[in-house]
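What follows is a single structure, written as structure tokens, with notes after it.
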Amino acid sequence: MQGFLASWRLYGRTDRMLRNVFGILAVLLPLLLWSAVSYLPFVWHPQVLITDPGGEEYLETGMRMNRVDFLRAVKEMQDQHQPAPQGIPTNPVYLPSPGEVLSAFVHAFTSSAPVGAEHSITQAFAHSIRIIFWGFVISSVMGVPLGIMCGSIPAVARLVEPSVDFFRYLPAPAFGALAVAILGIYDAPKIAIIVIGTLFQQILVIANTTRKLDFALVEASRTLGAKGLRLLFRVVIPGILPDLYRDQRILLGWAWTYLIVAELIGTSSGITWFITQQARYQHFDNVFAAMALIGIVGLGTDMVLGVIGGKLFTWKRENG
Amino acid sequence: MADHVEHALPDYRILPPDVAARMAQIKQRDYVLEIDRVTKVFTQKKNRTVALDAIEFGVHRRELVCVVGPSGCGKSTLVRILAGLEDATSGQILMNGKPVRGPGSDRGMVFQKYTLFPWLDVCRNVMFGIEMGGVDRLEAQRQAMQWLQMIGLEQFATAFPHQLSGGMQQRVAIARALAASPRVLLMDESFSALDAQTRTKMQNYLMEIWRKIDITIVFITHDLDEAIYLADRILVLKPNPGRVEEVIEVPLSRPRRAEQMTSDEFLATKAHLEGLIRSFGTSDDMDEEDVKIDLPLLTLVTDQVE
Ligand SMILES: Nc1ncnc2c1ncn2[C@@H]1O[C@H](COP(=O)(O)OP(=O)(O)O)[C@@H](O)[C@H]1O
Ligand SMILES: [Mg+2]
């Protein structure tokens, strides 16, 4: 109990058990809230799902309407001594219950009936991941070396950083039309958008990380006779590697935010296309399942990368 | 206490015969490192600080020179110029008669901060300078292990710097610097972050190593005891601008032992150095008698503490 209180204080202490408890609560609480809103009619349920239209002509089974309108319809029918419409309280169509989303999610991985990105979460998502992967790889191949050079060579920083800073402020969507005009309508312009969205940030972030290397280490290595490429590869890069790794993790998340734009230019594709289409048909269980998939894959990747990073860079973690 | 005052200290300039002989021998050797009218001016916006003003000094081969002075007198600036990490505004540094440009493996340095590479284990840290000298990995490892044996840390070869105490880290740093086989070892307050006990041990380690190998040491410190205990000669700098105030030949025979720190020669030298530093009149941590702390009474009057 004391530990529980202490973990709420500024810079307070927590033990491992409490951390796990909080970790589980972090997942459980939002789910409980969602379940409460979905399954307890008195919490919200502002609409009524018609089960029997009764005497009212404009009603149909399966329709949703606001509760006030429904009550008015019931009253009207009662006044006219006709059978009253029946219905059950429900949430708006855009808020499916956890159960519905779960079944849509399971269905996405088990059924094999419809094909094409428009219908299959898995196919759409696989396409999205390909776009992200290539976008991020291409951006990193250019951005990481350039960032390190900007951070360690003043002349390169002076030459490169102003224009990078200029392009950084141009929103990636602004390049959409241009990318399509140059690269066609399929995957190439989409990858290009991810690259444009990530690269400029990447250069600046990594340049900064490189600058933050403890300069005393560079000086120490110089007095030991290191210079040039050997200084770069034996001191600068190993020294910044843990922070560089962390930057890459953050930038990968960044790349995901440009996915939406990328997938809507040229021929729409991927998970974004799937979501827009499903929303158009009001299949919000599928929409939510797709969103959950993105979140789970994103969180999962980041956790795996975090664990790998912790294993790789023990010296950094224990340095504080 | 009273007989301490009555007891007149000898003149610190009078060297005992064995020390005088040693001094004469040292002075016959060539200069390894020469400071040739080195001036350093820092300009920050409109502020112009003359950190060093026409410093002129020569260090003989296998000599151990300490540089003392109040903080801000340019000690670190001087040693950084010697290392080549900073350029002199005018004047030059000569290494075996040749002017130096930039840092090089002929001048090793041990910093005040712990600067072992945290991503390399102890052995790899010591190997670093050897490998930079073009030695292949296996040979470098063999030499590094020898150095670790010399400083008594061979069982820590695979430990990482963050697993070592401050004293051990500085010992490894000394080994790392020496392993690159420099002619001169520069040390900038390398022991000042250590506790008193460890520091004394490290001073003895340093002199032990220095006796065994052909190395010339320039040791910066603001601890007068340390300077007298270690040095053949002490270079006293005065601040604003940094100038050579005096060069003192330490009247203590070698090998040095802790008992010498209470000898008359030691006390005389220390008294003279203290007088010099006090005469510079800077508010430094060395003249703490002059600091009068004006504190309101914070205890309850009933809490009699003295
Ligand atoms: N990089 C710098 N820029 C401006 N002034 C500096 C710089 N380095 C040192 N100084 C100034 O030079 C003087 C000497 O500094 P320093 O060599 O660090 O003294 P010490 O090591 O003896 O305490 C100080 O007045 C300090 O403020
Ligand atoms: Mg200093």
Filtering the range B:153-163 for residues that are more than 12 Å from chain A (Cβ to nearest Cβ) and open to solvent by less than 20 Å² (accessible area, probe 1.4 Å) leaves a count of 2
Would the range B:79-100 turn up any residue that is over 27 Å from B:ASP223 (Cα atoms) and within 14 Å of chain A (Cβ to nearest Cβ)?
yes
Residues in the range B:168-192 that are more than 12 Å from B:LEU116 (Cα to Cα) and in a helix (DSSP H, G or I) total 2
Mind listing whichever residues of the range B:92-104 are surrounded by fewer than 21 Cβ atoms within 10 Å (Cβ to Cβ) and part of a loop (DSSP other than H, G, I, E, B)?
B:ASN96, B:GLY97, B:VAL100, B:ARG101, B:GLY102, B:GLY104
Check whether at least one residue in the range B:107-116 is more than 16 Å from ligand 1 (Cβ to nearest atom), more than 18 Å from the chain's Cα centre (by Cα) and more than 28 Å from B:ASP30 (Cβ to Cβ), and report yes or no.
yes
Which one of these is crowded, with 21+ Cβ neighbours inside 10 Å and away from chain A (no Cβ under 14 Å): B:GLU139, B:GLU63?
B:GLU63
For a quick check of your reading: which strands (runs of 3 or more DSSP E) sit entirely within the range B:1-82 and have at least 2 residues that are within 16 Å of ligand 2 (Cβ to nearest atom) and aliphatic (A, V, I, L, M)?
B:47-60, B:64-68
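Residue-wise test of (1) charged (D, E, K, R); (2) away from ligand 1 (no atom under 13 Å from the Cβ); (3) open to solvent by 10 Å² or more (accessible area, probe 1.4 Å).
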| residue | (1), (2), (3) |
| --- | --- |
| B:ARG48 | yes, no, yes |
| B:VAL68 | no, no, no |
| B:THR77 | no, no, yes |
| B:ILE81 | no, no, no |
If we scan the range A:55-69, do we find a residue that is at positive phi and open to solvent by 70 Å² or more (accessible area, probe 1.4 Å)?
no
Taking the range A:183-216 and keeping only residues that are within 14 Å of chain B (Cβ to nearest Cβ) and either hydroxyl-bearing (Ser, Thr, Tyr) or open to solvent by less than 10 Å² (accessible area, probe 1.4 Å) (or both), one is left with none
Count, please, the residues in the range B:110-136 that happen to be within 11 Å of another protein chain (Cβ to nearest Cβ) and either open to solvent by 60 Å² or more (accessible area, probe 1.4 Å) or closer than 24 Å to A:ASP243 by Cβ (or both).
16
Name the residue, out of A:PHE288, A:PHE284, A:PHE215, that is under 30 Å from B:GLN112 (Cβ atoms) and of a type in the set (Phe, Trp, Tyr).
A:PHE215
Pair list, Cβ under 6 Å, 6 or more apart: the range A:108-131 residue crowded, with 16+ Cβ neighbours inside 10 Å, other residue at pLDDT 85 or above and not in a helix (DSSP H, G or I):
A:ALA117/A:SER269; A:HIS127/A:SER269
If we scan the range A:244-265, do we find a residue that is open to solvent by 40 Å² or more (accessible area, probe 1.4 Å), within 14 Å of another protein chain (Cβ to nearest Cβ) and touching a residue at least 24 places away in the same chain (Cβ under 8 Å)?
yes
Filtering the range B:224-245 for residues that are within 16 Å of ligand 1 (Cβ to nearest atom) and open to solvent by 40 Å² or more (accessible area, probe 1.4 Å) leaves a count of 5
Restricting to strands (runs of 3 or more DSSP E) lying wholly in the range B:193-256: which have 3 or more residues that are modelled with pLDDT of 90 or more, away from ligand 2 (no atom under 16 Å from the Cβ) and away from every other protein chain (no Cβ under 14 Å)?
B:243-249
Going through the range A:179-195 one residue at a time, which ones are part of a helix (DSSP H, G or I) and more than 18 Å from the chain's Cα centre (by Cα)?
A:ALA179, A:VAL180, A:ALA181, A:ILE182, A:LEU183, A:ASP187, A:ALA188, A:PRO189, A:ALA192
Quick one: would you say A:ALA104 is touching a Pro at 6+ places or on another chain (Cβ under 9 Å) and either closer than 30 Å to A:ASP247 by Cβ or surrounded by 13 or more Cβ atoms within 10 Å (Cβ to Cβ) (or both)?
yes
Which numbered condition B:ARG183 fails, given (1) within 16 Å of ligand 2 (Cβ to nearest atom); (2) within 14 Å of chain A (Cβ to nearest Cβ); (3) open to solvent by 50 Å² or more (accessible area, probe 1.4 Å):
(1)
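The values are calculated or read from the model by the stated rules, or taken from the named source; none is laboratory data. All values derive from a computational prediction rather than experimental measurement. FYI the Cβ positions are ideal-geometry reconstructions off the backbone, even for glycines, and counts take in every protein chain you see. We work out accessible area using only protein heavy atoms, side chains counted, and drop any ligands, DNA or RNA first. Shrake-Rupley method; radii C 1.70, N 1.55, O 1.52, S 1.80 Å.
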